[in-house]
């Protein structure tokens, strides 16, 4: 259990590959599986109370991580000489059950809160008011220059309420109209343009007063009840402008409510959807206004990212960074299930945080030491919307144009070794090539995400780096478990989702087999090490939605 032979072999081969001028394998340190498990036992113990931001659990977690990083000899990761980056958060709860009033001439209809509309604001203010804002249908709300796609066509949308369809433009394949065009928006796979977060962001960037996304179960991938569960308090970052640059109102409306809205405007909803999947689509003012007003209950708090670093050994490269990320937070103390109210988060994500510590230990022992610097970043508030990583990416301690890659760890394989590894967003960047080389040394293969249409690439902390241009890697467990029957991977995944995910039962299990986690930690350690010693920066693949952002970033960094 202390280490797995395949991991040692892989890292030994890595030593040969990364040591200039020699073909002899350089012995590399093993990954310590027992130490990894001990970290999880501490972080997921009841004493840490589920590690919710702003609680005693956060204080204990931050202190533990500082202690571990200091014991490993890692330098403080912040330029102020500390191991923390303060992250200002706010909890915003809509008071009451405000409806959204639609008006066209003498016609008036009010959409019911929760049943038909789920509105909120991310502005840090006690009162929000939207008064007779003109509603415009903007199709999918996408501006994607790499696809020559613009749903706005230069329309000034400042002060208006934008209604958008969920997911990417569902452009039919000219050859087989029953499928989607693989040359546009990833075909069946989701791109970031399909995420609801993008839709709120583009609306704010263009100065809209409100953005309402039309929920449809098929394209969204989940029922409207999931949206309805989001009517409680929401966390967000507190930006210098107190989020006043965000739209005043963000939210969802049900499909049935959208049909009624379009009917009020004299349009057929399905017909308008068909037009929206063409490049020639132009925004459609509906001649209907939207009004809503509500008060908010606000609670501000300060949370912390924890960061530590190993300085690069090459004086000419040590101001360049490879970042490992894992979120330390979970859900804290909540609704009791079978008498247990502590949501320990052992797998999610005490396991990833423990892996971060052990990968850091490996990098302190590897020879020769990495040429570039390595930053180990344990982020807060992932469970509240990737907020800790969002804050670091918006206010990076080290320039993003000098950050080569972000390698994210969110949940480890605790069920044994596999012959493969699933790559979320496979084909996005050169990081796949680094991972493929390391996996090959372990006699393993890479497999693509079997459900790319669900957009998992955009749902964990690496994404906040990707959207700002930094190539980012995120993996999931393999599916072919060694010595296990067919269907074992599906069985354990289903059991985890239905019995443990975001439940108090996500605790350390006596049947866990850490050999798979040890192998995967070895892969991530070797990938980061190889990038830190590489002659060039990894790049996004041609056609990727983040490639142009990175190119502009690197150009600006050389000016």
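Label-point separation (nm) for residue 338 and residue 45, each offset 7 Å from Cα along Cα-to-Cβ?
With each label placed 7 Å out from Cα toward Cβ, I get 2.3 nm.
Nearest 5 is fine: what % of DSSP beta bridges in the chain come out antiparallel, could you say?
Details: 52 of 86 bridges.
Rounded to the nearest five, the antiparallel share is 60 percent.
Pull out the extension gain between residue 459 and residue 509, defined as 0.36 nm times the separation in residues minus the alpha carbon to alpha carbon distance; nm, one decimal.
Gain on extension, residue 459 to residue 509, equals 15.4 nm.
Which ordering of 206, 301 is given by a fewest-first count of other beta-carbon atoms within 10 Å? Intermediate results must be reported in sequence, preceding the final value.
On the way: 206 19, 301 16.
Least to most surrounded, the residues fall as 301, 206.
Taking the Cα atoms only, what angle lies between the long axis of helix 547-557 and the longest principal axis of the chain, rounded to 10 degrees?
Tilt relative to the chain: about 70 degrees.
Expressed as a whole number of Å, what is the distance separating the alpha-carbon centroids of the stretch 57-133 and the stretch 371-409?
Between the Cα centres of the stretch 371-409 and the stretch 57-133 lies a distance of 19 Å.
Nearest 10 degrees, 0 to 90: what angle lies between the long axis of helix 255-264 and the longest principal axis of the chain (Cα atoms)?
30 degrees
By DSSP, what percent of the beta bridges with both residues in the stretch 91-298 are antiparallel, rounded to the nearest 5?
So the antiparallel bridges in the stretch 91-298 amount to around 65 percent.
Which FRET efficiency value, to the nearest 0.05, do you get for residue 278 and residue 451 by plugging their Cβ-Cβ distance into 1/(1 + (r/R0)^6) with R0 = 30 Å?
Values: r = 27 Å, r/R0 = 0.91.
For residue 278 and residue 451, the calculated efficiency is 0.65.
Calculate, in nm to one decimal, what residue 132 and residue 67 gain on full extension: separation in residues at 0.36 nm each, minus their alpha carbon distance.
Working: separation 65, 0.36 × 65 = 23.40 nm, distance 5.53 nm.
Taking 0.36 nm per residue and subtracting the Cα distance, the gain is 17.9 nm.
Can you tell me the relative contact order of the stretch 91-298? Whole percent, Cα pairs under 8 Å, sequence separation 6 or more. Could you put the intermediate results ahead of the total?
Numbers: 430 pairs, mean separation 83.2, N = 208.
In percent, rounded to a whole number, it is 40.
On full extension of the chain, what length is gained from residue 554 through residue 419, given 0.36 nm per residue of separation minus the C-alpha to C-alpha distance?
Working: separation 135, 0.36 × 135 = 48.60 nm, distance 3.70 nm.
Taking 0.36 nm per residue and subtracting the Cα distance, the gain is 44.9 nm.
Only Cα pairs under 8 Å and at least 6 apart count here; give the relative contact order of the chain as a rounded whole percent. Could you put the intermediate results ahead of the total?
Values: 1221 pairs, mean separation 115.6, N = 559.
Relative CO of the chain lands at 21 percent.
Give me the distance in nm between label points sitting 7 Å out from Cα along the Cα-to-Cβ direction at residue 241 and residue 501, one decimal.
3.6 nm
Between the stretch 284-327 and the stretch 439-513, what is the separation of their alpha carbon centroids in Å?
Computed from Cα coordinates, the inter-centre distance equals 23 Å.
Go ahead and collect, in residue order, the members of the stretch 535-559 whose backbone nitrogen is under 11 Å from a label point 7 Å along the Cα-Cβ direction of residue 319.
Of the residues in the stretch 535-559, none has backbone N under 11 Å from the label point off residue 319.
With the crude spin-label approximation of a point 7 Å out along Cα→Cβ, what separation in nm comes out for residue 433 versus residue 229?
For the pair residue 433/residue 229, the computed spacing is 4.1 nm.
Every number here is computed from the coordinates shown, using simple stated rules; none is lab data. As the structure is a computational prediction, the values presented were derived from the model and not from experiment. For neighbour counting, all protein chains shown are included, and Cβ atoms are generated from backbone atoms with ideal geometry for every residue, glycine included.
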